[in-house]
Amino acid sequence: MGVKLLLMTIGFGGGLAVGTAAAAFITILQIVPRLVQISNTWKYIKLYQMIISVAFILFVIIYFSEFHINLPKIIIPLIGLLCGVFIGLLSSALAEVLNVIPAMSKKLKIKDSLRYIIWALMAGKVAGSLYFWIFN
């Protein structure tokens, strides 16, 4: 009984840490305020927050359940491409918020080829996602 309680405590603590990190990530990137500002929908801000919270809970439940979707094999590379585009855009947005790319371009003196570096980052994310979705 003691070992099970310890494992439950460790799992709960890990979940709290990951949940807090995800909430901090969304807060630091200011996703909800920026979405509300762009779409001019201030009256729905509570709805946005509730949808994000419910989505986190729903995906945790799906992750730990025996949830499967049978899709034709032709659709799987398309899903991989879309996931790669999403991850690429998310990582680019994070890099932009943290000013990683401008700082890197100044430090390495590569301002002229910055466009190619960004395209290479996006292509790498897409290629990695496609590899994962096709071969795993």
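The values are calculated or read from the model by the stated rules, or taken from the named source; none is laboratory data. Because the structure is a prediction, the values reported are computed rather than measured. Note that we place each Cβ from the backbone using ideal geometry, even for glycine, and neighbour counts take in every protein chain shown. Please note that ligands, DNA and RNA were not included when accessible areas were found on the heavy atoms of the full protein model with its side chains. Shrake-Rupley method; radii C 1.70, N 1.55, O 1.52, S 1.80 Å.
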Would you point out which residue out of I38, I51, I134, I69 is open to solvent by 60 Å² or more (accessible area, probe 1.4 Å), of a type outside the set (K, R) and in a loop (DSSP other than H, G, I, E, B)? I69
Going through (1) touching a residue at least 60 places away in the same chain (Cβ under 8 Å); (2) more than 14 Å from the chain's Cα centre (by Cα) one by one, S65 fails only at (1)
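Collect the residues in the range 72-110 that are in a loop (DSSP other than H, G, I, E, B) and either closer than 24 Å to I26 by Cα or at pLDDT below 85 (or both), keeping them in residue-number order.
Taking the range 72-110 as the starting set, the residues that turn out to be in a loop (DSSP other than H, G, I, E, B) are 72-75, 98-99, 109-110.
Scanning the range 72-110 gives L98, N99, K109, I110.
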Checking F25 against (1) within 28 Å of N136 (Cβ to Cβ); (2) surrounded by fewer than 10 Cβ atoms within 10 Å (Cβ to Cβ), which single condition isn't satisfied? (2)
